[in-house]
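**Student:** Sharing a structure with you now.
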Amino acid sequence: MRILPLSSVRSVLFVLVVMASAGASFGQVAISITIAPPPLPVYEQPLCPGEDYIWIPGYWAWDLADEDYYWVPGTWVLPPEVGLLWTPPYWAWVDAGFVFYDGFWAPEVGFYGGVVYGFGYFGRGYEGGHWEHGHFYYNVVVNNVDVTIIHNVYKAPAATNITVNRVSYNGGEGGVKARPTPEELAVAHERHLPPVPAQTEHVQAARTNPQLRASANLGKPPIAATPKPGAFRDRAAVPATAAGAPYHPVGKGAATAPHTASGAARPGVIIHPNDLPARERPSPPNTGDPKLDQEYLQEQEKLFARQEHERQALQRTQDLDHQHLGHLAANAASMQELEQRHQQQTMHLQRRHDMESQRLQTRLQAANPAQPRPPSRPR
């Protein structure tokens, strides 16, 4: 990887993002920075602590308050549900800035920028294992598993046509050139869950650990991976054996103060209800039974009106949060935490509304089996 020299690095924007929807405008908290994420460090994987744990690769995150990258160690995590896999977060150059896309849990692995995190995450999909009969089976070719304790194992050759260059971001100068496939895009739009609380606490612990800051470890974190989330002092935690490439940190002042850019547009970001795509009124049902059509039409209109009201109510609540935080002259970290909470609230509301609409549609289809069903997404 070629590191951008400070004399030629362009100012970029960092934006908190979730892989939730595409093509929407948003209110964002943004800062100008002057360097790309550091290369991924070289490290070994700790021993898997038990059955059904999934490997979560480490990555670089940005701290608004300290104006510095910090390493979030790789770790083993129990998924929120049986059958779910982890899509890692990644950085990408979008328009004129670096954007961070958060990871998520889903039945299939989505797009993670083509970044080669290793240990089964080789840019596309996941070769580290799969679910079978309610248990996770580990590919011991790419995972560190004690087969005398965990018996759900197999051996499968890993991909051989991989360029391991430690690049930690997609697009832009020196970045990975991968683009999402239709199947990967479909995963991002289907049902998925955010990081579990243990992952969130793990990230917060990393953010407050000065040893994990890139300016201190120069791309070679002393805690590169842990056996479980937050186990930074565990004897099984492993250090990086080398930096991915020489890293030159930027001093304080490289980032401007965060600001809220309401109405600014950038594709792929949902933070507040106003950022969600406008809801389309459902088409009038046509079952051939006028009485049944009228009944379902009333239900559709009632559901649409309630969901619009709930969107507006949540937006007003979040607007009040911003006003309150503004009166307190909040720092960057507080603003970041607020926006993360708003993201979670908004996406939870959207998922619930989608499920409600789907249930009503299913009832309508059951009442009229001859009605064509909407086409399913390609997988």
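**Student:** Cβ-Cβ distance below 6 Å, separation of 6 or more or different chains: which pairs start in segment 337-365 with a residue that is more than 14 Å from residue 193 (Cα to Cα) and end on one that is among the aromatic types (Phe, Trp, Tyr) and modelled with pLDDT of 80 or more?
**Tutor:** From segment 337-365, the pairs are 364/296.
**Student:** Given the criterion at pLDDT 85 or above, exposed (fewer than 12 other Cβ atoms within 10 Å of the Cβ) and not assigned by TED's automatic domain parsing to the domain that holds residue 190, identify the matching residue among 314, 320, 349, 328. Spell out how you get there, then give the answer.
**Tutor:** Details: 314 fails: exposed (fewer than 12 other Cβ atoms within 10 Å of the Cβ); 349 fails: exposed (fewer than 12 other Cβ atoms within 10 Å of the Cβ); 328 fails: at pLDDT 85 or above.
Within the list 314, 320, 349, 328, the selection yields 320.
**Student:** Hey, which of the helices (runs of 4 or more DSSP H) in segment 150-269, taking only ones fully inside, have at least 1 residues that are more than 19 Å from the chain's Cα centre (by Cα) and either surrounded by 15 or more Cβ atoms within 10 Å (Cβ to Cβ) or modelled with pLDDT of 95 or more (or both)? It would help to see each step written out before you state the result.
**Tutor:** Numbers: elements: 182-189, 197-207, 214-217.
Fully inside segment 150-269 and qualifying: 214-217.
**Student:** Give all pairs with beta carbons closer than 6 Å in which a residue from segment 46-61 that is within 13 Å of residue 137 (Cβ to Cβ) meets a residue that is hydrophobic (A, V, I, L, M, F, W, C) and outside any loop (DSSP other than H, G, I, E, B); count only pairs at least 6 apart in sequence or on separate chains.
**Tutor:** Sorted first by the residue in segment 46-61, then by its partner, the pairs are 48/76; 52/136; 53/76; 54/77; 54/86.
The values are calculated or read from the model by the stated rules, or taken from the named source; none is laboratory data. All of these numbers come straight from a predicted model, not from anything done at the bench. We place every Cβ from the backbone using ideal geometry, glycine too, and count neighbours over all the protein chains shown.
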